[in-house]
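Student: To start, I am sharing the structure in question, which I have written as structure tokens.
The values are calculated or read from the model by the stated rules, or taken from the named source; none is laboratory data. Here the structure is a predicted model, which is why all the values come from computation and not from measurement. Don't worry about glycine lacking a Cβ; one is built from the backbone with ideal geometry, like all the others, and counts go over all protein chains shown. Side chains are part of the model used for accessible areas, which takes the heavy atoms of the whole protein and leaves out ligands, DNA and RNA. Shrake-Rupley method; radii C 1.70, N 1.55, O 1.52, S 1.80 Å.
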Amino acid sequence: YFVESEHGPEPPEEAEEVAVALEEARALLEAGRYAEALALLPEEAEGEAAYLRGRALFALSRHAEAEEALRRALSEEAEDLRALALVELGEYERARGRLEALAVRGGRYRLALGRVYLAQGRYADALRQFVESGLPEADLYTRETLERITARMRRFARAGEWAAGRGRAALGGGGPPA
């Protein structure tokens, strides 16, 4: 069950069984019992069952499997969660467009978009997303971003001093021309 039948619609009693199983899976997810919810939802699930399976897998940090299940769910809500799974998988560019659209919702979407920008070296954009997310866990990413900015500035400063030293040497001594 949970998979679209090639023989047409499910008989009413089977449809009712599916509805009950989906309701039970939802209740288990809300209770934080992700492994139990997952056990009710087959791997080949589609539609809402695939969405619920993706939620359970995401909560269990099984992001690659979650992304696959969410892709099969074919719903807007599933695509939103799928973008978060893509960030966890390091698939930043694939997640970016969806997260930019979702950023107006704030919270975890801004945090995830900040992580995308951080990975892409867009530090100012990353900082803005982290701060505007309003989430306490954003502090960790804010510190990481500031550390990367500091390291980058130090590299530029060292490169600048080296370039200035070469310039003086090229002028024939250690100081400015007479």
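Student: Quickly run through the stretch 52-76 and pick out the residues that are under 15 Å from Ala35 (Cα atoms), touching a helix residue (DSSP H, G or I) at 6+ places or on another chain (Cβ under 7 Å) and charged (D, E, K, R).
Tutor: Arg53, Arg55, Glu65
Student: Can you give me the ranges of the helices (runs of 4 or more DSSP H) entirely in the stretch 1-106 with at least 2 residues that are modelled with pLDDT under 95 and open to solvent by less than 60 Å² (accessible area, probe 1.4 Å)?
Tutor: Fully inside the stretch 1-106 and qualifying: 12-30, 34-40, 47-59, 63-73, 76-88.
Student: May I pose another question? Scan Phe156, Phe130 and give me the residue that is open to solvent by 90 Å² or more (accessible area, probe 1.4 Å), out of contact with any Lys or Arg (no Cβ under 7 Å at 6 or more places or on another chain), of a type in the set (Phe, Trp, Tyr) and over 26 Å from Glu68 (Cβ atoms).
Tutor: Phe156
Student: Any idea how many residues of the stretch 71-83 are of a type outside the set (Ser, Thr, Tyr) and touching a Phe, Trp or Tyr at 6+ places or on another chain (Cβ under 7 Å)?
Tutor: So the answer is 4.
Student: Could you tell me which numbered condition Ala151 fails, if it satisfies all but one of (1) open to solvent by less than 80 Å² (accessible area, probe 1.4 Å); (2) not in a helix (DSSP H, G or I)?
Tutor: Here Ala151 clears every test but (2).
Student: Another question, then. Would a scan of the stretch 77-92 turn up a residue that is within 18 Å of Glu44 (Cα to Cα), touching a helix residue (DSSP H, G or I) at 6+ places or on another chain (Cβ under 8 Å) and among the hydrophobic types (A, V, I, L, M, F, W, C)?
Tutor: Yes; the residues of the stretch 77-92 include at least one that is within 18 Å of Glu44 (Cα to Cα), touching a helix residue (DSSP H, G or I) at 6+ places or on another chain (Cβ under 8 Å) and among the hydrophobic types (A, V, I, L, M, F, W, C).
Student: While we're looking at this one, here's another question. Report yes if some residue within the stretch 118-125 is modelled with pLDDT under 95 and open to solvent by 40 Å² or more (accessible area, probe 1.4 Å); otherwise report no.
Tutor: No, the stretch 118-125 contains no residue that is modelled with pLDDT under 95 and open to solvent by 40 Å² or more (accessible area, probe 1.4 Å).
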